[in-house]
Structures are given as C-alpha cells and as structure tokens.
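The values are calculated or read from the model by the stated rules, or taken from the named source; none is laboratory data. Keep in mind that what you see is a predicted model, and the values were worked out from it rather than measured. All Cβ positions, even for glycine, are placed from backbone atoms using ideal geometry, and neighbour counts span all protein chains on display.
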Amino acid sequence: MAMNIRILDTPVDPMSSTDKLKVRFRHNDGKDFYKVWLYLDGTDVPFVERVRYELHPTFAQRIHEVPRSAANPACALIIYTWGIFTVKATVTAKTGEQTVLTHKMSYDKWFSKSGIKFELDS
C-alpha cells in the first residue's frame, strides 16, 4: 500500500513566518549556497517513523536519516546547496512499510515571489 506522502523543498522555514529570509551563505571560495528545507507533506505523515534522504553525489554527507518527532513532525532536513537536483527519500512507516520517493527540487521559484527579502546568513 502506497503512503500519501510527498517531499517538498523551500528556502523558507516551514515553521516560521517572516518577510526577511536569511537563505544565502557565502562559502570561503565566494560561492553562494542556499539554505533549503526538505520535508514531508501529506495525510500519512503522522504514520512515518523516519525518512532517509539521499542527496546529490557531490555532497560530502549525502545520506541523512531523520526520525519523525514532536520537535520535527515533518522530518525536515536543512541543507546548504548551490544547485537544483533530484532528492531520493526512503520513508519508513511505523508499521515497517517503506516507500521510496523522488523529488526534483524547486526552491528557486521562491526567488521571484514579491514581498520576500532574501539576505545573507552570516
């Protein structure tokens, strides 16, 4: 049985509301990286035990295991990235059932929204 869950990504903290967003980080080499939240959405999220995110092979740590908890109910993972790529996630339900999802990131669409000011995160 497939779970009703999907992966979303955003440069906006899904647990916060502000019009100033510190989403860019300048690396020592001068390249800007973007702070991005990956998280689960859908009616079956309360039945999730954990999610295993697999990031692009260029990440030094590309595998992240994130348990669902009261402090992190959507299994959110914060990453810093300079590009768009496809994320793979293996979602494990409390029953042990696993669902594999893929998601092409789309956080760049936020940069054209009005009323949002993006700032460097020091």
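Hey, can you tell me all the residues within segment 51-81 that are aliphatic (A, V, I, L, M) and touching a helix residue (DSSP H, G or I) at 6+ places or on another chain (Cβ under 9 Å)?
Ala74
For segment 54-70, a tally of residues being more than 16 Å from Leu8 (Cα to Cα) and among the charged types (D, E, K, R) returns 2. A search for C-beta distances below 6 Å between a residue of segment 9-20 that is surrounded by 10 or more Cβ atoms within 10 Å (Cβ to Cβ) and any residue that is at pLDDT below 75 and of a type in the set (D, E, K, R), counting only pairs 6+ apart in sequence or on different chains, returns nothing.
Scanning segment 44-97 for residues being among the hydroxyl-bearing types (Ser, Thr, Tyr), part of a loop (DSSP other than H, G, I, E, B) and within 12 Å of the chain's Cα centre (by Cα) gives a total of 0. Going by the conditions given, is Pro73 under 18 Å from Pro14 (Cα atoms) and surrounded by fewer than 17 Cβ atoms within 10 Å (Cβ to Cβ)? So Pro73 fits the description; yes. Taken over segment 26-41, the criterion of being surrounded by 16 or more Cβ atoms within 10 Å (Cβ to Cβ) and either at pLDDT below 95 or farther than 18 Å from Ser106 by Cα (or both) is satisfied by Phe33, Tyr34, Lys35, Val36, Trp37.
Can you tell me which residue in segment 1-25 is nearest to Cys75 (Cα to Cα), limited to those that are polar (S, T, N, Q) and modelled with pLDDT under 80? If you could, list the steps in order and put the result at the bottom.
Quick first cut of segment 1-25, residues polar (S, T, N, Q) only: 4, 10, 16-18.
When the remaining residues are screened for being modelled with pLDDT under 80, the result is 16-18.
Numbers: Ser16: 16, Ser17: 19, Thr18: 21 Å.
So, considering only residues that are polar (S, T, N, Q) and modelled with pLDDT under 80, the one nearest to Cys75 (Cα to Cα) is Ser16.
Selection of first residues in segment 31-43 that are closer than 9 Å to Ala74 by Cβ and without any contact (Cβ under 8 Å) to a residue 12 or more places away in the chain and of second residues that are of a type in the set (Lys, Arg) and part of a strand (DSSP E or B), restricted to Cβ pairs under 8 Å at least 6 apart or on distinct chains, gives an empty result.
Against the definition (in contact with a helix residue (DSSP H, G or I) (Cβ under 9 Å, 6 or more places away or on another chain), modelled with pLDDT under 95 and β-branched (Val, Ile, Thr)), how does Ile84 come out, yes or no? So Ile84 fits the description; yes.
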